[in-house]
Amino acid sequence: MLKELVVNAAEHETRVAVLENGNIVELFMERGDESNITGNIYKGRVQRVLPGMQAAFVDIGLNQAAFLYVDDILDDTTAELAQRFEQENDADGDEDTDASDVKEEEMPPPPSWKSARTTDCPIEDLITEGQEILVQISKSPIGTKGPRVTTHTSLPGRFMVLMPTVDHIGISKRILDEKERTRLKELLLSFRKDTFGYIFRTAAQGIQEKTLKKEISFLNKTWEDIQKKNKTVSAPCLVYRDLTVTFRAVRDLLNDEADKLIIDSREGYNNVLTFLEKLMPDLKVSVEHYTGVEPIFDAYNIEGDIARALKRKVWLKSGGYIIIEQTEALVAIDVNTGRYVGKHNFEETIVKTNLEAVKEIAYQIRLRNIGGIIIIDFIDMKKSQHREKVMLHLNEALKKDKSQTNVLPLSELGLVQMTRKRVRKNLTRSLCEPCFYCNGDGMLLSGKSICHKIYRDLLNEATDMMGNRFTVKVHPEIAQLLHGEEKGLISSLEIKVNSPIAIYPEPHYHIEEYHIFETLVK
């Protein structure tokens with residue numbers, strides 16, 4: 001499979017598209033704001049400790065306070081338990097802490113040794129309000145939620161991830177050869193002098209001792225610099241900023257995920273070559289500077305795919321379609337036959353539509369970076385073998401996604417419940433904002449509903465009427481309705497209140513906005 005990275009580096013925005021066989025499957029963005037700060041390390045000050053939630057809010061200098069959960073706080077007790085857990089389980093690289101490879105928006109999950117706690121330590125015994133604390137962003141701000149932070153720092157490199165607060169050695173599950181896994185672990189243990197934790201990434205397969213030592217030295221030096229700065233600055237303060245989106249793509253995706261990078265900026269092209277020469281000199285990949293007249297994302301047909309990924313309805317090749325509805329709590333995906341009528345029988349039509357939808361759903365989830373709880377409503381299938389076939393194809397399609405997913409069996413109602421790890425904003429939240437007109441509701445009162453609402457309010461106002469005439473200012477469309485199709489409402493109301501009612505259109509009004517005035521005419 002041909003995999004490429006296409007980078008559009010503008011003055012105030014950088015976009016990195018991951019292409020598979022010419023089709024965009026992932027999009028990473030970076031702007032001059034604080035929308036994607038995952039991986040950054042801050043010296044913060046504890047604002048509030050909430051014993052009832054076993055969590056705390058930490059001021060790290062951003063608009064929103066960061067959220068720190070009790071299990072994300074390092075203390076002597078957790079460190080001691082970590083060592084005991086490692087000794088008892090022999091850290092052979094098969095625990096959940098090995099995880100999959102870490103990319104820029106996915107820091108390693110909190111180590112599984114935390115579940116080995118024998119006693120719960122209340123958060124009020126670990127931190128106090130006003131205390132200064134070093135934290136790392138594990139989840140960027142999403143919507144109204146502030147960033148989530150942890151004290152379990154991790155620093156990703158090309159081959160390894162350094163975890164200075166945990167004594168653990170992990171190996172990517174994508175390295176399947178047991179001999180290679182054993183070799184890597186023994187190689188690290190042969191010269192490791194500290195008690196830091198390390199995770200070998202997939203790119204570490206076949207790594208030589210010299211290269212490994214160089215990377216560990218670089219990561220350790222980075223951690224030393226962070227500690228030194230932490231001692232000299234006052235909270236709240238940014239202590240360490242992760243690489244830019246372009247360099248993260250080079251570090252995490254080139255070679256392992258893609259073997260070619262095309263960038264439309266001469267300066268960016270030179271910076272990538274310098275980065276490769278300094279930190280990844282042995283990496284054999286192609287880096288090209290795009291010089292075409294047409295914008296690079298248009299040349300690779302990426303802009304159109306991004307625009308379609310923001311649509312609510314996605315058409316399938318057969319004529320069926322899926323509807324993707326995103327809410328604060330979950331994402332609902334509905335499968336419909338649409339224009340597809342099939343060729344033989346109804347059950348065959350349903351199965352074919354569901355199977356086609358499975359492929360598109362997995363693709364859209366990855367492209368849109370949909371996370372959290374996802375509910376998929378497949379078209380009901382009567383035969384168990386058909387249901388099993390659809391679930392088999394869904395799990396297979398999701399294997400291409402590096403983000404962790406958990407899929408539950410198909411329910412009797414034809415629903416699939418699944419979760420996908422959410423670390424950064426999805427595509428819709430990154431590129432869009434709530435509609436200024438409907439305030440994000442997605443629905444407006446109908447014209448007739450507004451007219452009847454005005455009728456009820458006028459009738460209520462008439463009971464305390466001080467003047468002898470009503471004036472109603474409304475949106476032009478509502479004025480047209482009240483002068484036309486709904487004219488009978490005003491006529492009957494004038495008889496009931498025994499007063500004339502004048503309707504005036506106001507072009508700048510919201511369609512649901514109206515104001516009733518009483519006037520005294522002599």
With respect to Val472, is the statement that it is open to solvent by less than 100 Å² (accessible area, probe 1.4 Å) and at pLDDT 90 or above true? yes
Considering only the stretch 413-422, state which residues are over 15 Å from Glu26 (Cβ atoms) and either open to solvent by less than 60 Å² (accessible area, probe 1.4 Å) or outside any loop (DSSP other than H, G, I, E, B) (or both). Gly414, Leu415, Val416, Gln417, Met418, Thr419
Would you check which residues across the stretch 423-448 are in a helix (DSSP H, G or I) and out of contact with any Asp or Glu (no Cβ under 9 Å at 6 or more places or on another chain) and list them? Leu427, Thr428, Arg429, Ser430, Leu431
Whichever residue in the stretch 301-353 is among the aromatic types (Phe, Trp, Tyr) and open to solvent by 80 Å² or more (accessible area, probe 1.4 Å) and, among such residues, is nearest to Asn369 (Cα to Cα): Trp315
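State all residues of the stretch 446-461 that are open to solvent by less than 30 Å² (accessible area, probe 1.4 Å) and either free of Cβ contacts under 8 Å to residues at least 12 places away in the same chain or in contact with a helix residue (DSSP H, G or I) (Cβ under 7 Å, 6 or more places away or on another chain) (or both); if no residue qualifies, say none.
Looking only at the stretch 446-461, we keep the residues that are open to solvent by less than 30 Å² (accessible area, probe 1.4 Å), and these are 447, 450-451, 454, 458.
Gly447, Ile450, Cys451, Leu458, listed by residue number.
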Within the group Glu360, Glu388, Glu356, Glu396, which residue is open to solvent by 80 Å² or more (accessible area, probe 1.4 Å), among the acidic types (Asp, Glu) and under 29 Å from the mean Cα position of the chain (by Cα)? Glu396
Exactly one condition in (1) within 17 Å of Leu68 (Cβ to Cβ); (2) of a type outside the set (Lys, Arg); (3) modelled with pLDDT under 90 is not met by Ser190; state its number. (1)
Considering only the stretch 497-509, I want to know if a residue exists there that is open to solvent by 70 Å² or more (accessible area, probe 1.4 Å) and at pLDDT below 90. yes
Would you check if there is a residue in the stretch 223-234 being surrounded by fewer than 20 Cβ atoms within 10 Å (Cβ to Cβ), at pLDDT below 90 and touching a strand residue (DSSP E or B) at 6+ places or on another chain (Cβ under 9 Å)? no
Of all residues in the stretch 309-331, how many are of a type outside the set (A, V, I, L, M, F, W, C) and touching a residue at least 40 places away in the same chain (Cβ under 8 Å)? 2
Look at Leu134 and say whether it is surrounded by fewer than 22 Cβ atoms within 10 Å (Cβ to Cβ), within 25 Å of Thr232 (Cβ to Cβ), aliphatic (A, V, I, L, M) and modelled with pLDDT of 90 or more. yes
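From Asp298, Asp305, Asp334, which residue is of a type in the set (Asp, Glu), outside any loop (DSSP other than H, G, I, E, B), in contact (Cβ under 8 Å) with a residue 12 or more places away in the chain and under 30 Å from Leu261 (Cα atoms)?
None of the others qualify; the one that does is Asp305.
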Within the stretch 308-331, the residues that are outside any strand (DSSP E or B), within 17 Å of Pro434 (Cα to Cα) and either of a type in the set (Gly, Ala, Ser) or at pLDDT 90 or above (or both) are Ala309, Leu310, Lys311, Arg312, Ala329
If you check Lys278 against the conditions, is it part of a loop (DSSP other than H, G, I, E, B) and charged (D, E, K, R)? no
Failed item, numbered, when Thr349 is tested on (1) touching a residue at least 40 places away in the same chain (Cβ under 8 Å); (2) in a helix (DSSP H, G or I); (3) not aliphatic (A, V, I, L, M): (1)
Among (1) within 30 Å of Phe57 (Cβ to Cβ); (2) aliphatic (A, V, I, L, M); (3) open to solvent by less than 40 Å² (accessible area, probe 1.4 Å), Leu243 falls short only on (3)
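Per-residue answers, yes or no, for (1) farther than 30 Å from Gln364 by Cα; (2) open to solvent by 50 Å² or more (accessible area, probe 1.4 Å); (3) touching a Gly at 6+ places or on another chain (Cβ under 8 Å):
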| site | (1), (2), (3) |
| --- | --- |
| Val16 | no, no, no |
| Glu20 | no, no, no |
| Ile37 | no, no, no |
| Arg45 | yes, yes, yes |
| Arg48 | yes, yes, no |
| Val58 | yes, no, yes |
| Leu62 | yes, no, yes |
| Val70 | yes, no, no |
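The values are calculated or read from the model by the stated rules, or taken from the named source; none is laboratory data. Only a predicted model underlies this, so the values are computations on that prediction, with no experimental measurement involved. Glycine gets a Cβ as well: all are built from the backbone with ideal geometry, and neighbour counts include every protein chain shown. Please note that ligands, DNA and RNA were not included when accessible areas were found on the heavy atoms of the full protein model with its side chains. Shrake-Rupley method; radii C 1.70, N 1.55, O 1.52, S 1.80 Å.
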